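The values are calculated or read from the model by the stated rules, or taken from the named source; none is laboratory data. Since the model is a prediction, treat every value here as computed from it, not as a measurement. So basically every Cβ, Gly included, is an ideal-geometry build from the backbone, and we count neighbours across all protein chains shown.
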Amino acid sequence: MAKLFNSPVLMLVYGFLLWLTTFIVSWILKCATGSPGQPTEVTYGYLAFESLIPVALAALTLWFSYLYFKGMPGDFAKAGLLAGVVWMVVNVLLDQLLFAWGPMQMPFERYVYDIGLTYLMIPVITAGAGYLMDRARATVR
């Protein structure tokens, strides 16, 4: 069972679930704030949406990090960095289905600055959480 938790398949599944749950939260927030997809003017709803999405992404990344680390025996920092990079790539690639070719057309350069750079927080969070877990485990021993 421990091998399942270290498997690349589970890492990809969690990356997909991170993207999906963040997408669902963003859709709910977009409806709740009345934020347009690509505003012609900045509104409070748009600003609230843009501020809350990174908070949701951070919380969801921590949650999936917890689930991913739960079955691991150790070496959390290394596993966290790898999972974070994979999850970041998965999120960007899945976004491209919507933003490059799908219903929410957006030029790639705008995507990178508006959304893509936010995903840099994923490996920072997963590696940081892993490092803290390694430190905590070393302190307990």
Inset, instruction - With the checklist (1) under 17 Å from ILE24 (Cα atoms); (2) exposed (fewer than 13 other Cβ atoms within 10 Å of the Cβ) in hand, flag the one item LEU117 doesn't pass. - result: (1)
Legend entry - Selection within region 48-92 - within 24 Å of ILE28 (Cα to Cα), of a type in the set (Ser, Thr, Tyr) and surrounded by 16 or more Cβ atoms within 10 Å (Cβ to Cβ): THR61, SER65
Legend entry - Scope region 1-44; condition farther than 20 Å from VAL55 by Cα, of a type in the set (A, V, I, L, M, F, W, C) and at pLDDT 80 or above; matching residues: VAL9, LEU10, MET11, LEU12, VAL13
Inset, instruction - Give the residue, chosen from TRP87, TRP101, that is of a type in the set (Phe, Trp, Tyr) and within 11 Å of the chain's Cα centre (by Cα). - result: TRP87
Inset, instruction - Look at region 59-116 and say how many of its residues are outside any helix (DSSP H, G or I) and within 15 Å of THR22 (Cα to Cα). - result: 1
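Can we say LEU52 is in a helix (DSSP H, G or I), modelled with pLDDT of 95 or more and within 18 Å of LEU18 (Cα to Cα)?
no
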